[in-house]
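Read the structure below first, then the notes.
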Amino acid sequence: MSQVISANRLSDGIVVFRASNGAWVEQLRDAEILPDSVAVKAALDLVELDIKANHVIEVAAFDVAVKGDHVEPVHLRDKIRAKGPTIHPGHGKQAAL
Amino acid sequence: MYRYDEFDAAFVADRLNQFSDQVQRRLSGELTEEQFRIHRLMNGVYLQLHAYMLRIAIPYGTLSPRQLRKLAHIARRYDKGFGHFTTRQNIQFNWPALKDIPEILGELASVEMHAIQTSGNCIRNVTADHFAGAAADEIEDPRPYAEILRQWSSIHPEFTYLPRKFKLALSGSPHDRAAIQVHDIGYQLVKNDKGETGFAVYVGGGLGRTPMVGHKIRDFLPTKDLLAYTQAIVRVYNLEGRRDNKYKARIKILVHEKGFEAMRAAVEAEFEADKSELLALPQSEVERISAYFAPPALPERAAQSQALETRRASDHAFAAFVDVNVSKHRQAGYGLLTISLKPIGGIPGDATAEQMELVAELAEKFGHDEIRVSHEQNLVLPHVALDDLPAVYDALAAQGLATANAGLISDIISCPGMDYCSLATARSIPVAQRISERFADGPRAKDIGGMKIKISGCINACGHHHVGHIGILGLERKGVETYQLTLGGSGDESCTLGDITGPGFSYEDVVDAIETVVDTYIGLRSTPDEDFLSAYRRVGMAPFKKALYERDSGSEI
Amino acid sequence: MPLYKNGSFVQDQWTTIPEGEAMSPAGHVIVPLTWWQAERQAFDDSHVPIGVRIDPGIAIDDFIADLSRFALIALVIPKFQDGRAYSTARLLRERHGFKGELRAVGEVLIDQIQPMLRCGFDAFEITDPVTQAALETGRVPGVTHFYQPGVNEAPKAGARPWLRQAGR
Ligand code: HEM
Ligand code: SF4
């Protein structure tokens, strides 16, 4: 299963995703899709530095389904993290989508 | 209400400096997240699904207009224009940045508020009956004692690293509106045969994954021993409570595993041994604090209000509002007004900055400067003249705050659930919204009568589902949301935990299931006055189970 | 191990004997309670100052009868979140009048120093480098206003003892 790495930014807590250049981005569509557990492991190793540098907290990889150029989290929790509260369409990332 | 003296103000300022320093040390990397977490939690800062969440204490649910205005300001300036009132008489903001939090806490300190001990394994925000000081059935106002407990427990050096969180609740009336029997310690003001006031004390109640109703450990505790006895309980718990498993760390588990009698003996022995009398509460101190809570001087008024009756006769919506949302005040000509934060289809407990400002203004104009936050996630104006109700109603209606559903089926308690909470296994707010829409019809809701639906988005039970007349617990089964129902729970003086109906229902089906339960009740109640809880207690689970699980196999109900 | 006492790091005059290690009854040693209980005869004959190490979970009643024999009690804090020693410390000081050194050992971190002082600890073995660095600057973060009296803090005249006690 493909995965994406997400975290929360230390300074404001906002959900961020890891892009292929190592940057932390706010939208899932800009995140790096990691095809397998080997890639996930390698990326998580690199992220250790960002954790040590206190840029991000709560780092974890989550499952995504990729259809064409659309990426969708598999689990409801991650869908809500990637979009925002289902009850407030104007809040969170969905506002910018 | 209570006003900080210099000492209190200095205490909060001190704590603010301390936490600001900790935030700085975290942002600079001097503290690791693990070391910082405990500090941020002790100052009400959680990390949630989308962002940080700041939980602010509203001790015993009492607010002044100035404070509510400040909350509105914080909602607007640092959040997205709204706040969420919780079942623990707190308000939560869902989007503050960590770097702004010291500033927010500074703003709060300017109106004598803080976020101290709204999380962490310490003695939490002390809650009390939201009708305190106004209810017709009250023995004594519990808030002076709640305030004393608040002060005594604040940053208590011995009790800051308890095995788990510790919650105190007080009620001053025989009718328990503060759910004291599901708290770690519950205090009920009572009179003994000599006419003295004291507390019946309950210990070891709690919800969460192992719900338990508290045991009465004392029938009568003299008020002067309030702190000494509390210290004895908390000390026994601190020394003996389990620390190996956080799910077994609450005092209810200690009471359960040690045995209630052994627990009582240990507490009484500790209480006896503490001969220092250091904690004895002098009557003069009780009186000093009580003076802050002196009821406002309410001018005498006729028991019947002409203005109210005239309007009632011509306006159905107003009549319904008065019948449902106004409770009996102890002084004739006045009412306790519940302002429902449960508009049909709305988010239980949410209030916008504009709504908060309106309520503050109404409290100033018509409510003797007092506002209460109820554990049912509503606001209360405790002293409104019946004559003023038409004006108050019109103002509320203009801001969508005149929903006439207090205590009815759409007055639903709901935790944030998966829309915000990182621990959730399912959503809860949208379920509340859908139920509320299903039962939007006023006359039908009134016919159903008193009904408390309570929803939690996971086993932690922040939504009190175990003590809901109908409780809903959102779980996850094979990756999809599933909702388990419980029936017959109650958080009042007749406290009981609900019984599970059986297999859960899907997100799609759960509202139909609730309707089935309601229709079944309507069909079997002995008279229209027999409310759901009484009917359930009379007939038990069987007819509901049958209706819920046999309808598909063709049986009729 | 760096020992913080009375506002600065000091030379530790005591030797801690690990669990299970053999020793002869010398003075200024901190031994596990069980060890002392088994070997007390030898100690009693030698009349040397001795210290005991108390793991959390050991009830005060298990050693209170011998309190006068101890010049030092080291209360173990296995994780900084484990608050049992705070109650034990207060009981030893307030109820049982223990006057010797009360030492915190284990995970002792900077932000817990103040509440520990207020519960009656007066010595701290520091292993965490951040805590050590902070203490070396003379900084004990905390608050200065308290609603509860601390151990050995005289209640301020006129104030309710439970209610307020200006910091010192
Ligand atoms: C959103 C972040 C929240 C988190 C992380 C959280 C976490 C928890 C946890 C872990 C428990 C179980 C404690 C135990 O059994 O030991 C609990 C219980 C509880 N929480 Fe929350 N909660 C949150 C929000 C709320 C809200 C919004 C409310 C009020 C609506 C609330 C009120 C309660 C109550 C009343 C209980 C159960 C009573 C008891 O303590 O046994 N919590 N919470
Ligand atoms: S019950 Fe669960 S989902 Fe709801 S707020 Fe509490 S921890 Fe979160």
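Given the criterion surrounded by fewer than 18 Cβ atoms within 10 Å (Cβ to Cβ) and in contact (Cβ under 8 Å) with a residue 40 or more places away in the chain, identify the matching residue among B:Arg235, B:Arg242, B:Arg250. If you could, list the steps in order and put the result at the bottom.
Values: B:Arg235 fails: surrounded by fewer than 18 Cβ atoms within 10 Å (Cβ to Cβ); B:Arg250 fails: surrounded by fewer than 18 Cβ atoms within 10 Å (Cβ to Cβ).
When all the criteria are applied, what remains is B:Arg242.
So, of the residues in region B:49-66 that are over 19 Å from B:Pro102 (Cβ atoms) and under 21 Å from the mean Cα position of the chain (by Cα), which turns out to be surrounded by the most Cβ atoms within 10 Å (Cβ to Cβ)?
Out of the qualifying residues, it is B:Tyr60.
Being part of a strand (DSSP E or B) and surrounded by 15 or more Cβ atoms within 10 Å (Cβ to Cβ), is that true of even one residue in region B:534-548?
no
Write out, first by first residue and then by second, each pair whose Cβ atoms fall under 8 Å of each other, whose residues are 6+ apart or on separate chains, and whose first residue, in region B:4-24, is at positive phi and more than 10 Å from chain C (Cβ to nearest Cβ) while the second is polar (S, T, N, Q) and in a helix (DSSP H, G or I).
none
Yes or no, residue by residue, for (1) under 23 Å from B:Ile448 (Cα atoms); (2) more than 12 Å from ligand 2 (Cβ to nearest atom):
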{"site": "B:Gln377", "(1), (2)": "yes, yes"}
{"site": "B:His383", "(1), (2)": "no, yes"}
{"site": "B:Val392", "(1), (2)": "no, yes"}
{"site": "B:Ala395", "(1), (2)": "no, yes"}
{"site": "B:Ser410", "(1), (2)": "yes, yes"}
{"site": "B:Ser414", "(1), (2)": "yes, no"}
{"site": "B:Tyr420", "(1), (2)": "no, no"}
{"site": "B:Leu423", "(1), (2)": "no, no"}
{"site": "B:Ala426", "(1), (2)": "no, no"}
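Of the residues that sit in region B:403-425 and are more than 8 Å from ligand 1 (Cβ to nearest atom) and not in a loop (DSSP other than H, G, I, E, B), which one is nearest to the other protein chains (Cβ to nearest Cβ)?
By that ranking, first place goes to B:Asp419.
Only one residue in B:Tyr78, B:Tyr60, B:Tyr4 is more than 25 Å from B:Ala128 (Cα to Cα) and of a type in the set (Phe, Trp, Tyr), so which one is that?
B:Tyr78
How many residues are among the hydrophobic types (A, V, I, L, M, F, W, C) and either within 10 Å of ligand 1 (Cβ to nearest atom) or within 14 Å of chain A (Cβ to nearest Cβ) (or both) if we restrict to region B:442-466?
Total satisfying the criteria: 5.
Can you find a residue in region A:59-67 that is within 11 Å of chain B (Cβ to nearest Cβ), touching a helix residue (DSSP H, G or I) at 6+ places or on another chain (Cβ under 9 Å), farther than 27 Å from B:Phe93 by Cα and in a strand (DSSP E or B)?
yes
Of all strands (runs of 3 or more DSSP E) completely enclosed by region B:431-520, which ones contain at least 3 residues that are over 25 Å from the mean Cα position of the chain (by Cα)?
Counting at least 3 such residues, we get B:480-487.
Being under 21 Å from B:Arg164 (Cβ atoms) and more than 15 Å from ligand 2 (Cβ to nearest atom): is that true of B:Leu485 here?
no
I'm told B:Val322 meets every condition in (1) without any contact (Cβ under 8 Å) to a residue 12 or more places away in the chain; (2) under 22 Å from B:Gly400 (Cβ atoms) except one. Can you identify the failing condition by its number?
Just one mismatch for B:Val322, condition (1).
Just give me the residues in region B:241-279 being at pLDDT below 90 and either within 16 Å of ligand 1 (Cβ to nearest atom) or under 29 Å from the mean Cα position of the chain (by Cα) (or both), in sequence order.
Once the filter is applied, which keeps residues that are at pLDDT below 90 and either within 16 Å of ligand 1 (Cβ to nearest atom) or under 29 Å from the mean Cα position of the chain (by Cα) (or both), region B:241-279 yields only B:Leu279.
Residues in region B:184-203: is at least one in contact (Cβ under 8 Å) with a residue 24 or more places away in the chain, more than 16 Å from ligand 1 (Cβ to nearest atom) and of a type in the set (Lys, Arg)?
yes
The values are calculated or read from the model by the stated rules, or taken from the named source; none is laboratory data. Since the structure is predicted, the reported quantities are computational estimates derived from the model, not experimental observations. So basically every Cβ, Gly included, is an ideal-geometry build from the backbone, and we count neighbours across all protein chains shown.
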